Amino acid sequence: MKILLIGNTGQLGWELERTLVCLGEVTALDYPTIDLQDEDGIRKAVRGAVPQVIVNATGYTAVDKAESEPDIAAAINTRAPAILAEEAYALGAALIHYSTDYVFDGLKGSPYVEADTPHPLGVYARTKLEGEQAVHQTGGAFLILRLSWMYSLRRDSFVTKVLGWSRQQPVLHMVTDQIGNPIWARTAAEATAQLLAMGSVNIVPWLAERSGLYHFTGPDHASRYEWAKAILRLDPQPQEQVIEQVLPALTAEFPTPARRPLFSALDSRKFTETFDLHLPPWETALRLAMVRK
Ligand SMILES: NC(=O)c1ccc[n+]([C@@H]2O[C@H](COP(=O)([O-])OP(=O)(O)OC[C@H]3O[C@@H](n4cnc5c(N)ncnc54)[C@H](OP(=O)(O)O)[C@@H]3O)[C@@H](O)[C@H]2O)c1
């Protein structure tokens, strides 16, 4: 299989490069070799690689900063996926694209399914939703996989931040009213690679039959408070912690430039039933991510 992976230095892209490599020839590109704000550059990169599958692991992911840089966020999160979809269609290739739980407003109160109507609250969320719509409208063979709270231990993430704070301060305030699905980037990458392996030599028609939008998380969810407590409990070096207390707090106590959905957990049964693949419960993945032996 010939794969073009874009964004191999990101949380997800880094893991994808290491899992996709077993499937065949992977061309991995990142900024500045490819700049997603440069339309011609994107087209040139795709045409040069002639892939069967394009995996787009990029994103303008700075949720708060996006509020003051809407044009850059739109170029990377909306226009670039649109171009990748057009180029994939023209080449007869497939596109794997990732989106976000933040397309929802969080008011439903139970895990969102793919048929639920999105209502983005900020620039990041709106530009990601418009990226989904552009990929959908182009058609062809594509998967849009909506992730939720992703982390890696390599780049700055909620997990590395909680570990860092636990070494610096005795009290941590964590919100109990933000609920989502924590996902280790490695498990998301492995599930992507395994589904591509299933399509194998007929990958493009195989994906075309299954084209569409999928929620792509584990089966359960947690609040930031529960997640932080689990991170501290599973910390492989607890002797370094100076933390004494984790106190429950509310999102309203921590104003941010971008509004975020409070309850954005996703229901991933469509993905599981279609591909017979299971992202693990969030705490199982967290334990595996934290083990250092
Ligand atoms: N992290 C989450 O909690 C989360 C949740 C839901 C959905 N998602 C989605 O999942 C996908 C991957 O997220 P992630 O957390 O792995 O993202 P990430 O760690 O922020 O990585 C983003 C990647 O995009 C690249 N990129 C940004 N601007 C670029 C540009 N102009 N040209 C070329 N490359 C550019 C970055 O390159 P540099 O390293 O050079 O900046 C990096 O490789 C994204 O679509 C994101 O929206 C993430």
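Side notes on the structure shown:
- Using alpha-carbon coordinates, inclination of helix 224-234 to the longest axis of the chain, degrees: 80 degrees
- The angle separating the long axis of helix 185-199 from the principal Cα axis of greatest extent in the chain is about 30 degrees.
- Two-decimal log10 I(q)/I(0) for the chain, as the Debye equation yields it once each C-alpha is a single scatterer, q = 0.12 Å⁻¹: -0.76
- Apportionment of accessible area to carbon and sulfur, the range 60-142, percent (1.4 Å): 53 percent
- Surface accessible to a 1.4 Å probe, residue 50 within the full protein complex, Å²: 70 Å²
- With contributions of -39500 (n - 2.57) from each DSSP H run of at least four residues, the per-residue ellipticity at 222 nm computed over the chain stands at -11500 deg cm²/dmol.
- Per residue, the range 50-176 exposes 38 Å² of accessible surface when a 1.4 Å probe is rolled over the protein heavy atoms with every protein chain present.
- Contact order, relative form, for the range 210-293: 60 percent (alpha carbon pairs under 8 Å, 6 or more residues apart, mean separation divided by residue count).
- Across the chain, the relative contact order, built from alpha-carbon pairs under 8 Å that are at least six residues apart, equals 22 percent.
- Leading residue at positive end of dipole, the chain (Cβ point charges), from 22, 157, 34: 22
- Principal-axis analysis of the Cα atoms of the chain puts helix 80-91 at an angle of about 30° to the longest axis.
- Sorting 229, 44 by solvent-accessible area of protein heavy atoms yields 44, 229, largest first, with a 1.4 Å probe.
- Mean sequence separation of contacting Cα pairs (under 8 Å, at least six apart), scaled by the length of the range 146-293, corresponds to a relative contact order of 40 percent.
- Rounded to the nearest 10 Å², the accessible area of residue 198 at probe 1.4 Å: 80 Å²
- The accessible-area ordering, largest first, of the residues 291, 63 stands as 291, 63, per a 1.4 angstrom probe.
- Prolate/oblate/rounded label for the range 186-263 (Cα gyration tensor, a/c 1.5): oblate
The values are calculated or read from the model by the stated rules, or taken from the named source; none is laboratory data. Keep in mind the model is a prediction, meaning the values are calculated, not measured. Here the Cβ is made from the backbone with ideal geometry for all residues, glycine too, and neighbour counts use every protein chain on show. Keep in mind that these areas ignore ligands, DNA and RNA; they rest on the heavy atoms of the full protein, side chains included. Shrake-Rupley method; radii C 1.70, N 1.55, O 1.52, S 1.80 Å.
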